[in-house]
Amino acid sequence: MARKKKSGSQPQQSKIKGYIAGAGEVVEENIASTLQENFMPYAMSIILSRAIPEIDGFKPSHRKLLYTMYKMGLLGQTRTKSANIVGQTMKLNPHGDAAIYDTMVRLSRGYEALLHPFVDSKGNFGKAYSRDMAWAASRYTEAKLDPICAELRYW
């Protein structure tokens, strides 16, 4: 049986000004200098590592998608449902399924945005030059890696 707590026992509060029990010392700083010292370097590293393509032209999300498709064996002859590819990529990519599928659509042959597409698509992948033609949901389309992906040296 559990023991009852004594009714008069409260945790001891620190009486020292500027100190939070268990957390450390409280330091007052100017918010503008704190943002400049902490947020700006973080923002620059995010822009450089995620938003701007590296020398190979891929962002990290592109690399994760192509690597997952390679590991699924999609460099061969068979296509698989795009929803399966998106689900497997979600293990590597912390973003939602819509962002992953959007990345795959933009790399696909059906979207007609790249001179050398990396994803061989089957189904409605929309068109880059049409503002009214949206792509179908991932459960209706199929994809595999284009043969040009065999030239990539990631795997």
If I ask for residues that are among the basic types (Lys, Arg), more than 22 Å from the chain's Cα centre (by Cα) and over 15 Å from Arg79 (Cβ atoms), which ones from the range 96-152 would you list? Lys127, Arg131
Consider the range 61-81. How many of its residues are of a type in the set (Gly, Ala, Ser) and closer than 30 Å to Leu48 by Cβ? 1
Residue hits (the range 98-149; outside any loop (DSSP other than H, G, I, E, B), of a type in the set (A, V, I, L, M, F, W, C), free of Cβ contacts under 8 Å to residues at least 60 places away in the same chain and buried (at least 16 other Cβ atoms within 10 Å of the Cβ)) are Ile100, Met104, Val105, Val119
Residue list for the range 25-82, filter: part of a loop (DSSP other than H, G, I, E, B) and within 26 Å of Gly123 (Cβ to Cβ): Gly57, Phe58, Lys59, Met72, Gly73, Leu74, Leu75, Gly76, Gln77, Thr78, Arg79
Out of all the residues in the range 43-56, which are surrounded by 10 or more Cβ atoms within 10 Å (Cβ to Cβ) and under 17 Å from the mean Cα position of the chain (by Cα)? Ala43, Ser45, Ile46, Ile47, Leu48, Ser49, Arg50, Pro53, Glu54
Could you grab me the full set of residues in the range 48-77 that are among the aliphatic types (A, V, I, L, M) and either closer than 17 Å to Lys144 by Cα or at pLDDT 85 or above (or both)? Leu65, Leu66, Met69, Met72, Leu74, Leu75
List the number of the failed condition for Thr78; all other conditions in (1) surrounded by fewer than 13 Cβ atoms within 10 Å (Cβ to Cβ); (2) among the polar types (S, T, N, Q); (3) touching a Lys or Arg at 6+ places or on another chain (Cβ under 6 Å) hold. (3)
Taking the range 134-155 as the region of interest, how many residues are at pLDDT below 90 and of a type in the set (Phe, Trp, Tyr)? 2
Could you list, in sequence order, all residues of the range 81-96 that are in contact (Cβ under 8 Å) with a residue 24 or more places away in the chain and surrounded by 15 or more Cβ atoms within 10 Å (Cβ to Cβ)? Lys81, Ser82, Ala83, Ile85, Val86, Thr89, Leu92, Asn93
From (1) touching a Cys at 6+ places or on another chain (Cβ under 8 Å); (2) modelled with pLDDT of 95 or more, pick out the condition that doesn't hold for Thr80. (1)
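The values are calculated or read from the model by the stated rules, or taken from the named source; none is laboratory data. Everything quoted here is computed from the prediction, not taken from an experiment. Cβ: placed from backbone, ideal geometry, glycine included. Neighbour counts: every protein chain shown.
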